[in-house]
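**Student:** Would you mind keeping the following structure in view while I ask a few things?
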Amino acid sequence: MRLPTTPSLSLEGRCALVTGASQGIGLAAACALAQAGAKVTLAARNAQRLDELVEALQAAGHQAEALALDVQDLVAVRQALQGRRFEILVNNAGTNRPKPLGQVSDEDYKAVMGLNVHAVYFLTQTVVGQMPEGSSIINVSSQMGHVGAANRSLYCASKSAVEGLTRAMAVELGPRGIRVNSICPTFIETPMTKPFFQEPGFLESVLAKIPLGRLGQLEDVMGPIVFLASPASALVTGSALMVDGGWTAH
Ligand SMILES: NC(=O)C1=CN([C@@H]2O[C@H](COP(=O)(O)OP(=O)(O)OC[C@H]3O[C@@H](n4cnc5c(N)ncnc54)[C@H](O)[C@@H]3O)[C@@H](O)[C@H]2O)C=CC1
Ligand SMILES: C[C@H](O)[C@@H]1OC(=O)[C@H](O)[C@@H]1O
């Protein structure tokens, strides 16, 4: 009798590109993909930091390389990535400038939308042409792409845009066998969020909205990243994988 077999979570033989891989969620994503067997290109601006991380990954027996790159410099993006073949792309590099609506400047807008949307869109455009059937694009969105939050109008708008481009790209690329999904974490302790929790009462206000009662840790996104990158999610595309402790279940 033939019993069904779970598709593999292995990424052996696949090449992955992770943006913003020098720290935080991007570093966690790069480690997760490397530990699952992928050859990972870690892209960020800090070449020295990337070299240290690649050395550590290689010392642990994984395949990794550094790519010093400002993902907002589209000339550099196209020079560095045009023609390169990746089966996995994690659009992670992102930023936030929490401010009351009335205090948001034009420069704030350009900074947040520029990195979180414009760079994601055109780096993906640069890479997707070489992506073979079976490839997976993972956009690191946020729970804030699905809910509103005070002082985060710009960030919520940017992540809502990421959700829209995820769905549209999934529809357009489906016939080529390329999947596009988003991962939507809640607050995770990273260098981005560390300053937020210095604000008295902010941590308590966040935990009050998370049914599982804790902040996310880097390890909480690693399994979901490997799942979305691997054949185990072969029929999953255009989806938003909430990794939010139940925040958006309210
Ligand atoms: N930390 C959190 O609570 C959550 C974060 N996110 C999203 O996850 C992603 C990563 O967030 P964190 O790890 O917290 O941020 P982080 O600020 O700790 O790390 C961001 C990474 O992106 C890189 N980066 C920034 N601008 C870049 C550029 N122009 N070119 C190349 N690399 C650049 C930084 O060097 C760094 O490696 C972002 O898209 C963020 O919106 C989503 C949900 C929760
Ligand atoms: C869960 C969010 O993405 C979280 O919200 C913020 O304001 C931080 O920037 C984190 O990204």
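**Student:** Determine, at each q value in 0.10, 0.15 (inverse angstroms), the log₁₀ of I(q)/I(0) that the Debye formula gives when each Cα of the chain is one equal point scatterer.
**Tutor:** So the normalised log intensities work out to -0.46, -1.06.
**Student:** So, one more: Looking at the square roots a ≥ b ≥ c of the eigenvalues of the Cα gyration tensor of segment 210-250, which shape do they give, rounded for a/c under 1.5, prolate if a/b is larger than b/c, or oblate?
**Tutor:** Judged from the Cα gyration tensor, segment 210-250 comes out oblate (a/c at least 1.5, b/c at or above a/b).
**Student:** Test of the criteria: in segment 1-60, which GluC sites (Glu not before Pro) are in a DSSP loop and have at most 10 other Cβ atoms within 10 angstrom of their Cβ? List each step's numbers first, then the result.
**Tutor:** On the way: sites: E12, E52, E55; in loops: E12.
Within segment 1-60, the qualifying GluC sites (Glu not before Pro) (loop, at most 10 other Cβ atoms within 10 Å) are E12.
**Student:** What accessible area per residue comes out for the chain, rounded to a whole number of Å², with a 1.4 Å probe?
**Tutor:** Values: 11810 Å² over 250 residues.
Dividing the accessible area of the chain by its residue count gives 47 Å².
**Student:** Ok, one more. Go ahead and run the numbers for FRET between Q103 and V75, Cβ-Cβ distance against an R0 of 35 Å, rounding to 0.05.
**Tutor:** Working: r = 32 Å, r/R0 = 0.92.
It comes out at approximately 0.60.
**Student:** Can I ask one more? Carbon and sulfur: what percent of the chain's accessible surface (1.4 Å probe)? Don't skip to the answer; put the middle values down first.
**Tutor:** Numbers: 6440 of 11810 Å².
The computed percentage sits at 55.
**Student:** Considering the dipole of segment 1-68 built from charges on the beta carbon (Lys and Arg +1, Asp and Glu -1) around the Cα centre, which of G61, A43, C15 is farthest to its positive end?
**Tutor:** Value computed over the given set: C15.
**Student:** If you don't mind, there's one more thing I want to ask. Starting from segment 147-245, pick out the GluC sites (Glu not before Pro) whose DSSP state is loop and whose Cβ has at most 16 other Cβ atoms within 10 Å.
**Tutor:** Working: sites: E163, E172, E189, E204, E219; in loops: E189.
Filter output for segment 147-245: E189.
**Student:** Quote the charge dipole size of the chain about the Cα centre in Debye, to the nearest 20; the model charges only the Cβ of Lys and Arg (+1) and of Asp and Glu (-1). Provide the component values of the computation, followed by the final result.
**Tutor:** Working: 19 positive and 20 negative charges, 94 e Å.
Value, rounded to 20: 460 debye.
**Student:** When the dipole is taken about the Cα centre of segment 42-120, and only Lys, Arg (+1) and Asp, Glu (-1) are charged at their Cβ, what size is it in debye, to the nearest 20?
**Tutor:** Details: 8 positive and 10 negative charges, 42 e Å.
Around 200 debye, computed over segment 42-120.
**Student:** In Å and on Cα atoms, what radius of gyration and Dmax does segment 125-229 show?
**Tutor:** 16.0, 50
**Student:** Which one, A232, Q198, T186, is farthest towards the positive end of the dipole of segment 177-250 when Lys and Arg carry +1 and Asp and Glu -1 on their Cβ?
**Tutor:** A232
**Student:** A further question on this structure: Suppose accessible area is computed on protein heavy atoms with a 1.4 Å probe; arrange S136, S105 from highest to lowest. If you can, show how the numbers build up before the last one.
**Tutor:** Working: S136 0, S105 45 Å².
Accessible-area ranking of S136, S105, largest first: S105, S136.
**Student:** Positive end of the charge dipole of the chain (Lys, Arg +1 and Asp, Glu -1 on Cβ, about the Cα centre): tell me which of T6, G102, S158 has its Cα farthest that way.
**Tutor:** Of the listed residues, the answer is T6.
**Student:** Could you tally up the Lys pairs in the chain with alpha carbons closer than 27 Å? Skip any pair fewer than 8 positions apart unless they're on separate chains.
**Tutor:** Counting lysine pairs in the chain gives 9.
**Student:** For segment 73-110 and segment 16-41, what is the separation of their Cα centres, given in Å?
**Tutor:** After rounding, the separation between the Cα centres reads 17 Å.
**Student:** Something else: Which value, in Å³ per residue, describes the convex hull spanned by the Cα atoms of segment 1-128? Present the calculation step by step, with values, prior to reporting the outcome.
**Tutor:** Numbers: hull volume 18.4 nm³, N = 128.
With only Cα atoms used, segment 1-128 gives 144 Å³ per residue.
**Student:** Also, quick follow-up: In segment 30-127, which trypsin sites (Lys or Arg not before Pro) fall in coil by DSSP and have 10 or fewer other Cβ atoms within 10 Å?
**Tutor:** Details: sites: K39, R45, R49, R78, R84, R85, K110; in loops: R45, R84, R85.
Answer by residue number: there is no such site.
**Student:** For the chain, what is the calculated [θ] at 222 nm in deg cm²/dmol (nearest 500), taking -39500 (n - 2.57) for each run of four or more DSSP H residues and dividing by its residue count? Write down the numbers at each step before the final one.
**Tutor:** Working: 8 runs with 88 residues, N = 250.
Result for the chain, helices only: -10500 deg cm²/dmol.
**Student:** I want to check the label-to-label distance for F202 and M1. Put each point 7 Å from Cα in the C-beta direction and report it in nm to one decimal.
**Tutor:** 5.7 nm
The values are calculated or read from the model by the stated rules, or taken from the named source; none is laboratory data. The structure presented is a predicted model; accordingly, all values stated were derived computationally and were not measured. Ideal geometry is used to build each Cβ from the backbone, glycine not excepted, and the neighbour counts take in all protein chains shown. Only protein heavy atoms, including side chains, enter the accessible area calculation; ligands, DNA and RNA are left aside. Shrake-Rupley method; radii C 1.70, N 1.55, O 1.52, S 1.80 Å.
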